[in-house]
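Taken together, the values in this text are just the output of simple stated rules run on the coordinates, not laboratory data. All values derive from a computational prediction rather than experimental measurement. Methodologically, a virtual Cβ is constructed for each residue, glycine included, from the backbone with ideal geometry; neighbour enumeration extends over all protein chains shown.
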Amino acid sequence: MSTDLNLLGKGLKYLGLLVFLFIASPITLTMGFKALKKFENTPKEYISYILLTVAVILIIFSIFFAFRTFKILLNALFNNSSEK
């Protein structure tokens with residue numbers, strides 16, 4: 001029962017990206033809601049809807065990417081060679 005170091009390195013890189021996504025997605029969502037409040041009844045209101053759409057897509061992708069990252073890490077640690 002040895003650790004696959006190449007797969008572990010890949011998983012740790014993904015984990016770093018996942019931490020960034022966990023920080024960026026709520027900030028983008030907050031910016032979108034603040035822009036919606038600020039640009040209410042102005043021509044720039046579409047900016048807030050674009051930010052909200054991007055934030056929702058980031059949150060959904062973050063959840064998907066989290067499952068994928070932890071699956072890679074578990075495969076690396078417990079030597080399941082199904083993910084190479």
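List of remarks:
- Helical contribution to [θ] at 222 nm, DSSP H n ≥ 4, -39,500 (n - 2.57), averaged over the chain, rounded to 500: -29000 deg cm²/dmol
- Nearest 10 degrees, 0 to 90: helix 45-77 Cα axis against the chain principal axis: 10 degrees
- For segment 5-77, relative contact order (Cα pairs under 8 Å, six or more residues apart, normalised by length) works out to 50 percent.
- Close Lys pairs in the chain, defined as Cα atoms under 24 Å apart and 8 or more places apart or on different chains, number 6.
- Mean projected area (nm²) of the alpha-carbon convex hull when segment 5-77 is viewed from all directions: 4.6 nm²
- Basic side chains Lys and Arg get +1 at the Cβ, acidic Asp and Glu get -1 at the Cβ, and with that the dipole of the chain about its Cα centre reaches some 100 debye.
- Charge dipole (segment 5-77, unit charges on Cβ, about Cα centre) - positive-most of Ile60, Asn75, Leu5: Leu5
- The chain: angle of helix 5-38 to the longest principal axis, Cα-based, in degrees nearest 10: 10 degrees
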